[in-house]
Amino acid sequence: MKKLLGFCFAALFVMACADKQDLDDKTYETEKAQMEEIGNAVASEFMGNLKSELLTAIKKGGPENAISVCSEKAVPLAEMIPEYNNYNIEIKRTTFKNRNPGNAADEFEIEALNHFESLVTKGETNLKPYLQKLEPGVYNYYRPLKIFDMCLNCHGKEELLTEEVKTELYRLYPYDKAKGYESGDFRGVVRVKISKKI
Ligand code: HEC
């Protein structure tokens, strides 16, 4: 009888633990889905704004006059994103081949960039967003960025850049690593850091 009682207690204990584990998994899955939704919305808004601002500026005054859009406006545009009420949101663009030293990747971002680079090396072309949990309630969402024709005005091979663009880029970014790309290349990521307000 004693043995049976012991067994029952043990079984109850295991069941209780399994229940808690189940609940933890569910909470985590819900939280992850929420973070993915926010990251996706913010990255889309940010990239949509940036691309249309770039296109308008290039049409108006040529690529040399659009350089300030990708530099000066990139940050204020990020600040314009309407905040999700209960979250703090920070946007950054980062890559292994950065133009602005201020956009260099930190250790978490390096891990995400390596994740994408290894998929690219394997020939994967359909890159999906990537999510990292940094600590409870704090996540990094990554949207991979590819180069397309419009980007080549300022990130393409030297011979494709106008003299004005080359001169201006050299003046502003003497340590520029963000040239020489071709259409379809993986360029880097938009990183959206999302943390729950306490
Ligand atoms: C008119 C020139 C111009 C065009 C067109 C342009 N960029 Fe840029 N890009 C820049 C400049 C200048 C910077 C440096 C911004 C800064 O100082 O933060 C930059 C920075 C970046 C960065 C941040 C990382 C880094 O290298 O510092 C990413 C990512 C990026 N560009 C991607 C793109 C993509 C993708 C496109 C095409 C959709 C594009 N850019 C089109 C000029 C341009």
Would you mind checking which residues have amide H under 5 Å from Lys146's amide H? H placed 1.01 Å from N; only 5 or more apart, or other chain.
Arg187
Taking amide H atoms as placed 1.01 Å from N in the peptide plane, list the residues 5 or more away in sequence, or in a different chain, whose amide H sits under 5 Å from that of Lys177.
Asn98, Arg99
For Tyr87, which sequence-distant residues (separation of 5 or more, or a different chain) have an amide H within less than 5 Å of its own amide H, given hydrogens modelled in the peptide plane?
Lys197
Can you spot the aspartates and glutamates whose alpha carbon is less than 16 Å from Lys97's alpha carbon? Ignore those fewer than 8 places along the same chain.
Asp106, Glu107, Glu109, Glu111, Glu117, Glu158, Asp176, Glu182, Asp185
³J(HN,Hα), Karplus 6.51/-1.76/1.60, whole Hz, each residue of segment 157-162, x for Gly, Pro
5, 2, 5, 8, 8, 6
Reachable lysines from Lys51, Cα under 19 Å, same-chain residues fewer than 8 places away excluded?
Lys59, Lys60, Lys73, Lys92, Lys146, Lys179
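Take the solvent-accessible surface of the protein heavy atoms, probe 1.4 Å, and return the percent of it on segment 64-198 that carbon and sulfur atoms account for. Numbers along the way, then the final one.
Working: 4000 of 7800 Å².
The computed percentage sits at 51.
The values are calculated or read from the model by the stated rules, or taken from the named source; none is laboratory data. Everything quoted here is computed from the prediction, not taken from an experiment. Each accessible area value is taken on the protein alone, full model and side chains, heavy atoms only, with ligands, DNA and RNA left out. Shrake-Rupley method; radii C 1.70, N 1.55, O 1.52, S 1.80 Å.
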